[in-house]
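Each reported figure results from applying straightforward, stated rules to the coordinates on display, with no laboratory input. Small disclaimer: the values here were computed from a predicted structure and weren't measured. Using ideal geometry, Cβ is built from the backbone for each residue, glycine included, and neighbour counts are taken over all protein chains shown.
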Amino acid sequence: MRLNYEYDFGSTTELMVKVVSEFKSNIKTGEVGILARNDPPQIKCSKCDHLATRICTECIYEDAGWLCDDCAEDHKCGEEMLLPVVNSPRTGVCGYVG
């Protein structure tokens with residue numbers, strides 16, 4: 001099953017959600033359980049092979065804004081343009097930091 005969803009808090013992020021599996025639960029009424037899990041994507045730094053930890057809000061539109069800690073230190077746009085990479089489709093959108 002797939003569905004499209006528009007996530008909007010002043011700027012729209014379009015999502016395509018896909019069900020990859022399902023399971024029967026033994027959770028009883030009133031108990032807490034995991035209903036869904038969002039595994040974070042493994043995004044590589046635009047400059048090297050390490051995992052990205054920062055995103056440049058200027059360079060992301062050129063598909064070059066993903067940076068590891070080392071590459072972020074020398075990034076031309078400056079530290080004020082960098083946001084942390086968080087496990088959300090809104091990473092880098094409108095100052096979203098999770």
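As a length-normalised measure over Cα pairs under 8 Å and 6 or more apart, the relative contact order of the chain settles at 20 percent. Note on LYS44 and MET16: their simple-model spin labels are 2.3 nm apart, each label 7 Å out from Cα toward Cβ.
Inter-label distance, ILE34 to MET81: 3.7 nm, where each label sits 7 Å from its Cα along the C-beta direction. Counting beta carbons within 10 Å around each of VAL97, VAL20, VAL86 and listing the fewest first gives the order VAL20, VAL97, VAL86. Under the simplified labelling scheme, the ASP70-ARG2 pair shows an inter-label distance of 3.8 nm, with each label point 7 Å from Cα along Cα→Cβ. Net charge of the neighbourhood of GLU80, taken over other residues with C-beta under 13 Å away and scored Lys/Arg +1, Asp/Glu -1, is 0. Taking 0.36 nm per residue of sequence separation and removing the Cα-Cα distance, the CYS94/ASN26 pair yields an extension gain of 20.5 nm. A DSSP coil position with no more than 13 other Cβ atoms inside 10 Å describes the following GluC sites (Glu not before Pro) in the chain: GLU22, GLU31.
Taking only alpha carbon atoms, the chain gives an Rg to Rh ratio of 1.09, where Rh is the Kirkwood radius. Overall, the ratio between the Cα radius of gyration of the range 41-98 and 2.2 N^0.38 Å, rounded to two decimals, is 0.97. Here is the list for the range 1-92: trypsin sites (Lys or Arg not before Pro) lying in DSSP coil, each with at most 15 other C-beta atoms within 10 angstrom of its C-beta, are LYS24, LYS28, ARG37, LYS76.
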